[in-house]
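Each value in this text was obtained by applying a stated rule to the coordinates, not by laboratory testing. These figures come from a predicted structure and were not determined experimentally. Neighbour counts are summed over all protein chains in view; Cβ atoms, including those assigned to glycine, are modelled from backbone coordinates with ideal geometry.
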Amino acid sequence: MNAILSLALILGACDLTGAADDKAADPVGKWRCSYEIGEQKRTSTLTIKKEGDKLVGTMDWADQKDEKLKDLKLKDGELTFSAERKLPNLDDPITVEYRLKIDGDQLEGKGSTEFGGEKREWDIEAKREKGDK
């Protein structure tokens, strides 16, 4: 009986630790993202808000604004979502998937997409704008 109670306490503590990690890893705010594709430096702005218990957000690029994020989730301090990238020289949009780890006011991770039958991936870094939490 003591073993079962001890196991239940340990499992409960592990679950609470995961929940605390998500609260400590607060994604809400405006983030300035920088990355490089094909040796070209690029930037975007990620904006995340909370509506009730749900996270919502948008991504802005120089030539595309207010693109709604899809499947936005935060688990174990990792933010995952996708966004449709509409490029002027392409008829169809490209789905870009993001996987970013939160560390205070910094994000670090990867962006990826499939283009021409090939999966392409790049590193992304972001900093939260001051006072926007």
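Kirkwood Rh over Cα pairs of region 66-105 into Stokes-Einstein at 20 °C, 1.002 mPa s: D in µm²/s? Don't jump to the answer; show the numbers that get you there.
Numbers: Rh = 11.5 Å.
Stokes-Einstein gives a translational diffusion coefficient of 187 µm²/s.
Arrange the following residues from fewest to most other Cβ atoms within 10 Å of their Cβ: LEU72, LEU90. Could the numbers behind the result be given before it?
Details: LEU72 18, LEU90 10.
Ordered from fewest to most neighbouring Cβ atoms within 10 Å, LEU72, LEU90 come out as LEU90, LEU72.
Which entries of LYS41/LYS75; LYS73/LYS130; LYS49/LYS119; LYS54/LYS130; LYS86/LYS130 have Cα-Cα distances beyond 25 Å here?
Values: LYS41/LYS75 29 Å; LYS73/LYS130 23 Å; LYS49/LYS119 30 Å; LYS54/LYS130 23 Å; LYS86/LYS130 29 Å.
Those over the limit are LYS41/LYS75; LYS49/LYS119; LYS86/LYS130.
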